[in-house]
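Everything on this sheet refers to the single structure shown next.
The values are calculated or read from the model by the stated rules, or taken from the named source; none is laboratory data. The shown structure was predicted, so the numbers you read here are calculated from the model rather than taken from an experiment. Cβ coordinates were reconstructed from backbone atoms using ideal geometry, including for glycine residues, and neighbour counts include every protein chain displayed.
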Amino acid sequence: MLRTEPRGTRSVTWAEFVEAGLLREYRRTHRVPMVELRAFIDLLREDSGCPTHSPTADRTSPARKLVLQAQAEAGLDPEYCLVAAVGNQLLLTPPSAAFVERVTWDGDVAAGWRPDPNPQSPVRILSDVRFGRPSIKGVSTEVLWEQDEAGLGVEEIAETYQLDVPDVRWALAYENSQRAA
């Protein structure tokens, strides 16, 4: 995790979880080294005055200003920037905008996340549903996958859990992709 010090627990905050998803995207898709990401997050935390704050999981204008400032101080390559100044506005760059579109917001705080980049995916990770585990309409995607592995048909699984057949297929696709990674 990107904490500066251990908290004595293996659990993470919801903001840390969302932040980790964003950073994972930058590491895998854009091949940004972790050492650069850590330096960038450290600058953001220092500038925010809160060592535990996760500025990348905050979509407010002050947070964007901090991100812009930290990008400049870190000498971040423009290709990897999260925000850009256009005129008098701070706009998200395409990679960060694509990630933010997958976040479910409660005001300006991240409350959930769609792990699949496809906007049609019903798979959600919500902090208050299934203890933050991937689910569809409150049903764990892992449970649906286990039913499929046990030999139940997609239609039977859908009927058992009162889901639509496409929902079950999305869950199976999600779980299979996680196991293949």
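Are any residues in the stretch 73-97 assigned to a helix (DSSP H, G or I) and either free of Cβ contacts under 8 Å to residues at least 40 places away in the same chain or at positive phi (or both), and if so, which ones?
E73, A74, P78, P94, A97
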**Request:** Return yes or no: is T52 under 25 Å from S127 (Cβ atoms), modelled with pLDDT under 75, of a type in the set (V, I, T) and more than 17 Å from the chain's Cα centre (by Cα)?
**Result:** yes
**Prompt:** Given (1) within 25 Å of R24 (Cβ to Cβ); (2) out of contact with any helix residue (DSSP H, G or I) (no Cβ under 6 Å at 6 or more places or on another chain), where does G151 come up short, assuming only one miss?
**Reply:** (1)
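Quick grid of which residues meet (1) in contact with a helix residue (DSSP H, G or I) (Cβ under 6 Å, 6 or more places away or on another chain); (2) modelled with pLDDT of 95 or more; (3) surrounded by fewer than 19 Cβ atoms within 10 Å (Cβ to Cβ):
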position	(1), (2), (3)
W105	no, no, yes
P115	no, no, yes
V129	no, no, yes
T160	no, yes, yes
V165	yes, yes, yes
A181	no, no, yes
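Take A110 and tell me if it is touching a strand residue (DSSP E or B) at 6+ places or on another chain (Cβ under 9 Å), crowded, with 19+ Cβ neighbours inside 10 Å and not in a strand (DSSP E or B).
Numbers: touching a strand residue (DSSP E or B) at 6+ places or on another chain (Cβ under 9 Å): yes; crowded, with 19+ Cβ neighbours inside 10 Å: yes; not in a strand (DSSP E or B): no.
Considered against the rule, which asks whether it is touching a strand residue (DSSP E or B) at 6+ places or on another chain (Cβ under 9 Å), crowded, with 19+ Cβ neighbours inside 10 Å and not in a strand (DSSP E or B), A110 comes out as no.
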**Asked** Considering only residues of the stretch 159-171 that are of a type in the set (A, V, I, L, M) and under 12 Å from V139 (Cβ atoms), which is farthest from the chain's Cα centre (by Cα)?
**Response** L163
**Item:** Residue in the stretch 85-101 that is of a type in the set (A, V, I, L, M, F, W, C), surrounded by fewer than 17 Cβ atoms within 10 Å (Cβ to Cβ) and not assigned by TED's automatic domain parsing to the domain that holds L37 present
**Value:** no
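This table checks each residue for (1) more than 17 Å from the chain's Cα centre (by Cα); (2) closer than 19 Å to A20 by Cβ; (3) among the small types (G, A, S).
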{"site": "K65", "(1), (2), (3)": "yes, no, no"}
{"site": "A70", "(1), (2), (3)": "yes, yes, yes"}
{"site": "P78", "(1), (2), (3)": "yes, no, no"}
{"site": "P95", "(1), (2), (3)": "no, yes, no"}
{"site": "V109", "(1), (2), (3)": "no, yes, no"}
{"site": "N118", "(1), (2), (3)": "no, no, no"}
**Complete:** Taking the stretch 140-158 and keeping only residues that are surrounded by 13 or more Cβ atoms within 10 Å (Cβ to Cβ) and among the small types (G, A, S), one is left with S140, A158
